[in-house]
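Engineer: Please find one structure pasted underneath; my questions will follow.
The values are calculated or read from the model by the stated rules, or taken from the named source; none is laboratory data. Note that the structure is predicted; figures quoted are calculated from it, not measured. For neighbour counting, all protein chains shown are included, and Cβ atoms are generated from backbone atoms with ideal geometry for every residue, glycine included.
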Amino acid sequence: MKNVTAFVLFLLLAMMGLIACGGAAPAEIATLAPTAAAPAVIAPEQPAEDAAPQQPAEAAAPEAMTAPEAGAGEPAGEAAAPTATPEPPTPTTEPTPVPSPTPAAAACYTYRVLNTYPHDPDAFTQGLDIDNGELFEGTGLYGESTLRLVDLTSGSVSRNQPLAQEYFGEGITVLGDKIYQLTWQEGTGFIYDRNTFQQLQTFNYEHEGWGITHDGTRLIVSDGTSTIRFWDPATLQEVGRIDVADEQGPVIMLNELEYVNGEIWANVWMTDLIARINPESGRVTGWIDLTGIFTPQAEDEPNDVLNGIAINEATGQIYVTGKLWSSLFEIEVIRAP
């Protein structure tokens, strides 16, 4: 459960993403075939520039003064001094503004479900990661947060490390022989032994903790804003950051993260969208719309939002799930028609 005051921002973001990609994915998504051509995306209309203000009319030149006639008491031979004619103003030339190029619209993608697996419907999924073929999961909520080792095909939990009740667990990532886990508003992170879940270290940070992944050398962290930070895994100090945006502006509510084939993929909280982000520039190069991927089997079945991306780097398989979802999906990402 994130801060509810962010809800209005989410509505604007969701509308932006869906408009950019032409709306929700079709219901019968499994029948879609990949398309070679990119979809035509119409750039948003630019507001008309205000009309340039009218320049005031040039002031009229003063009338020439006539020399007075010589009076009876004035010397007749003195002539009146000539009156100078004002020079016309020198016209000024304003440079023509050069419009900035409009950023290219992000590509739009949809999905095909390849396999569906059971998932614990009580797991408030905050982080998902596959390392050496094993599925690790971090869950949230106060008093219910955990770090888990999960059997992919059955959904059963084979190892479970609960967090203390004062911590709301967030994203996780496995790097080498260590697991890193964030907490939401407590500013505290944990490092565990990958194989035993023994807690090795705690550390602190000054912003909220949402998602975490890595590129092999750096930890990559989100905090619910449009900023993504890079940390040195040895010192846990920030070594860089990017601001994430697409052609319509900053992209906020970046949540669970995964590093996929040189891109950062980010769940956008409270939407069915995954942003594909260039880690160098922060530019969103594509949107994956997972609308309709999960439908509860019963009216009283608990479920929350999409949250959880994992890649098996050995096979290239992509897995997604959500908070309190009873299913985990292996998907193929394809261009939207």
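Engineer: Any idea how many residues of segment 287-328 are of a type in the set (Ser, Thr, Tyr) and under 14 Å from GLY138 (Cα atoms)? Walk me through it before giving the result.
Structural biologist: Our first condition is that a residue be of a type in the set (Ser, Thr, Tyr); within segment 287-328, this holds for 291, 295, 315, 319, 321, 326-327.
Then drop every residue that is not under 14 Å from GLY138 (Cα atoms), which leaves 321.
Residues flagged as of a type in the set (Ser, Thr, Tyr) and under 14 Å from GLY138 (Cα atoms) within segment 287-328 amount to 1.
Engineer: Regarding VAL244, is this residue among the hydrophobic types (A, V, I, L, M, F, W, C), touching a Pro at 6+ places or on another chain (Cβ under 9 Å), surrounded by 19 or more Cβ atoms within 10 Å (Cβ to Cβ) and touching a residue at least 12 places away in the same chain (Cβ under 8 Å)?
Structural biologist: Details: among the hydrophobic types (A, V, I, L, M, F, W, C): yes; touching a Pro at 6+ places or on another chain (Cβ under 9 Å): yes; surrounded by 19 or more Cβ atoms within 10 Å (Cβ to Cβ): yes; touching a residue at least 12 places away in the same chain (Cβ under 8 Å): yes.
Taking the combined requirement at face value, the residue satisfies it.
Engineer: Return the only residue of THR125, THR116, THR139 being touching an Asp or Glu at 6+ places or on another chain (Cβ under 8 Å), of a type in the set (Ser, Thr, Tyr) and buried (at least 24 other Cβ atoms within 10 Å of the Cβ).
Structural biologist: Within the list THR125, THR116, THR139, the selection yields THR125.
Engineer: If you don't mind, there's one more thing I want to ask. Please verify whether segment 181-200 includes one or more residues that are crowded, with 19+ Cβ neighbours inside 10 Å, more than 19 Å from the chain's Cα centre (by Cα) and of a type in the set (Ser, Thr, Tyr).
Structural biologist: Yes, segment 181-200 contains at least one residue that is crowded, with 19+ Cβ neighbours inside 10 Å, more than 19 Å from the chain's Cα centre (by Cα) and of a type in the set (Ser, Thr, Tyr).
Engineer: Could you count how many residues in segment 249-269 are assigned to a loop (DSSP other than H, G, I, E, B) and surrounded by fewer than 18 Cβ atoms within 10 Å (Cβ to Cβ)?
Structural biologist: Step one: filter segment 249-269 for residues assigned to a loop (DSSP other than H, G, I, E, B), giving 251-253, 261-262, 269.
Applying the additional criterion that residues be surrounded by fewer than 18 Cβ atoms within 10 Å (Cβ to Cβ) yields 261-262.
Total satisfying the criteria: 2.
Engineer: Quick one: would you say ARG159 is surrounded by fewer than 19 Cβ atoms within 10 Å (Cβ to Cβ), assigned to a strand (DSSP E or B), more than 22 Å from the chain's Cα centre (by Cα) and basic (Lys, Arg)? Walk me through it before giving the result.
Structural biologist: Values: surrounded by fewer than 19 Cβ atoms within 10 Å (Cβ to Cβ): yes; assigned to a strand (DSSP E or B): yes; more than 22 Å from the chain's Cα centre (by Cα): yes; basic (Lys, Arg): yes.
For ARG159, the condition - surrounded by fewer than 19 Cβ atoms within 10 Å (Cβ to Cβ), assigned to a strand (DSSP E or B), more than 22 Å from the chain's Cα centre (by Cα) and basic (Lys, Arg) - is met.
Engineer: Let me ask something else about it. Determine the pairs where a residue that is aromatic (Phe, Trp, Tyr), located within segment 142-167, has a partner that is outside any loop (DSSP other than H, G, I, E, B) with Cβ atoms under 7 Å apart, the partner being 6 or more residues away or on another chain.
Structural biologist: Final answer for the pair search is TYR167/THR183; TYR167/THR188.
Engineer: Limited to segment 270-279, what total is found for residues that are assigned to a loop (DSSP other than H, G, I, E, B) and either touching a Lys or Arg at 6+ places or on another chain (Cβ under 6 Å) or crowded, with 24+ Cβ neighbours inside 10 Å (or both)?
Structural biologist: The initial filter retains those residues of segment 270-279 that are assigned to a loop (DSSP other than H, G, I, E, B), namely 270-272, 278-279.
In the following step, the residues that additionally are either touching a Lys or Arg at 6+ places or on another chain (Cβ under 6 Å) or crowded, with 24+ Cβ neighbours inside 10 Å (or both) were identified as 271.
Number of matching residues: 1.
Engineer: Then there's this: Quick one: is ALA106 small (Gly, Ala, Ser), at negative phi and surrounded by fewer than 17 Cβ atoms within 10 Å (Cβ to Cβ)? Break it down stepwise before answering.
Structural biologist: Numbers: small (Gly, Ala, Ser): yes; at negative phi: yes; surrounded by fewer than 17 Cβ atoms within 10 Å (Cβ to Cβ): no.
Against the criterion (small (Gly, Ala, Ser), at negative phi and surrounded by fewer than 17 Cβ atoms within 10 Å (Cβ to Cβ)), ALA106 does not qualify.
Engineer: Let me ask you something else. Mind listing whichever residues of segment 280-296 are modelled with pLDDT of 95 or more, surrounded by fewer than 18 Cβ atoms within 10 Å (Cβ to Cβ) and not in a strand (DSSP E or B)?
Structural biologist: Selection gives GLU280, SER281, GLY292.
Engineer: Only one of LEU273, LEU324, LEU306, LEU257 is touching a residue at least 60 places away in the same chain (Cβ under 8 Å) and closer than 23 Å to PRO118 by Cβ. Can you tell me which? Before the answer, list the steps.
Structural biologist: On the way: LEU273 fails: closer than 23 Å to PRO118 by Cβ; LEU306 fails: touching a residue at least 60 places away in the same chain (Cβ under 8 Å); LEU257 fails: closer than 23 Å to PRO118 by Cβ.
One residue alone meets the criteria, LEU324.
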